[in-house]
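Below: the structure, in C-alpha cells.
Readers should treat all values here as calculations from the given coordinates under stated rules, not as data from a laboratory. Every value quoted in this text rests on a predicted model; they were computed, and no experiment measured them. Neighbour counts run over all protein chains shown; Cβ positions are idealised from the backbone, glycine included.
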C-alpha cells in the first residue's frame, strides 16, 4: 500500500495517546500534545507521500498542540504546513496573531516558528488535511509567503480547487488505488495548486500570470481525470462541464501536454490496467474485470488498444509477468 494508515483503535485504550504522540512526532512535526481524552484516545491518520511533499489526513478528538522553541532547536524539518479544516473548529496562536477556523478554511504555518494549535471536535472528532511543503519546494519568495503565516485563508477560487484535489487524494489513498508512479506525478500537481492558492493570497491584486494559472487548472483537471478513470462516461465534454470551461478551451489547455485529452485518459487507463495485471494480489481477477474497473467496456477494443501500447495482449502480458519473462 502506497499510503500508510494508523488507527489508535488497534491498541488498548491505555496505550493509545502515548502511541499517537510518538507517531505524530516522528511522521509530522514534534509538538507537546495534550488532550482531555487521554484515557481513550480515538484518532486516525492517513499519510501519503508525493515525491518531496506529503499529505496527512487526521481525524482527532479535542486536543492541543504546542510547538516550542526547544522543540524547534531539537528538530526542524523547515517545512510550510498548509492545513484544511474539514470538520470541527480549529484555533491557532502564532506570536500575537490568533486565528479561528471552521470547515472549509485553510491556515498556513511553519515548523520553524512556535505556535499553539487546538482542535475542538464536533460529533466526537475533528478532521483536517495537512499539506507539508519543504520551503525549498515552493516557488514563491519567503517575503511573499511568510506574511500569510498564522492567517485564516478562505477557500474560494483556487482554494476550492486545492481542497477538492486534497479530498480526492485522501479518498484514493484509503482505497489503495495509487501506484508509486502516480504519487511521483501527483506531487508537482499538488505543489502547483498550492502555489497558485498561496500566490493569490500573497498578492490578490496581482494574480499569478496566465501561464501558472493555466498550469494550476491543468493540474486540477488531471487529478479530476485520475479520480474518475473507472467511469466509462468520462469524456472531454464531461471534464469541461465540471470545470466550467468550453471543450474547445479544454483542448487548448492540453496543447502543451504530450497527449490530447482523450489520449491522456486512454493512456492513464492502460497504465492502471497494466499495474493490476501485474499485481499478484489480483491474479484471480479476470482480464475483463480489470479492464472494466478502469473504464474499458468492450473486450476487443481493450485487447487491441493494450497490444498497440505494450506489444502484447493483456493475457500475454499477465503470463509474462507471472513467469518472470518480463
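Structural remarks
- Additional length obtainable on full extension of the chain from residue 97 to residue 300, 0.36 nm per residue less Cα span: 66.8 nm
- In whole angstrom, the stretch 186-326 maps to an equivalent ellipsoid with semi-axes of 35, 16, 12, each derived as √(5λ) from the alpha carbon gyration tensor and ordered largest first.
- Distance-filtered residues of the stretch 172-197 - backbone nitrogen under 18 Å, label point 7 angstrom along residue 27 Cα→Cβ: 172-180, 183
- P(r) of the chain over all Cα-Cα pairs, binned every 20 Å from zero, in whole percent: 28, 51, 20, 0
- Spherically averaged projected area of the stretch 216-298 from its Cα convex hull (nm²): 5.7
- Relative contact order [Cα under 8 Å, 6+ residues apart], the stretch 1-127, whole percent: 25
- Rel. contact order, % - alpha carbon contacts under 8 angstrom, at least six apart, the stretch 4-227: 19
- Between the beta carbons of residue 74 and residue 9, assuming R0 = 45 Å, the FRET efficiency works out to 0.90 to the nearest 0.05.
- Treating r as the C-beta distance of residue 316 and residue 237 and R0 as 25 Å, the FRET efficiency rounds to 0.10.
- Cα gyration tensor shape of the stretch 12-109, rounded if a/c is under 1.5, else prolate or oblate by comparing a/b with b/c: rounded
- Calculated Rg and Dmax of the stretch 52-149 using C-alpha coordinates, Å: 13.4, 40
- Span from the the stretch 259-326 Cα centroid across to the the stretch 48-81 one, whole angstrom: 39
- When the Cα convex hull of the stretch 69-217 is projected onto planes of every orientation, the mean area is 10.1 nm².
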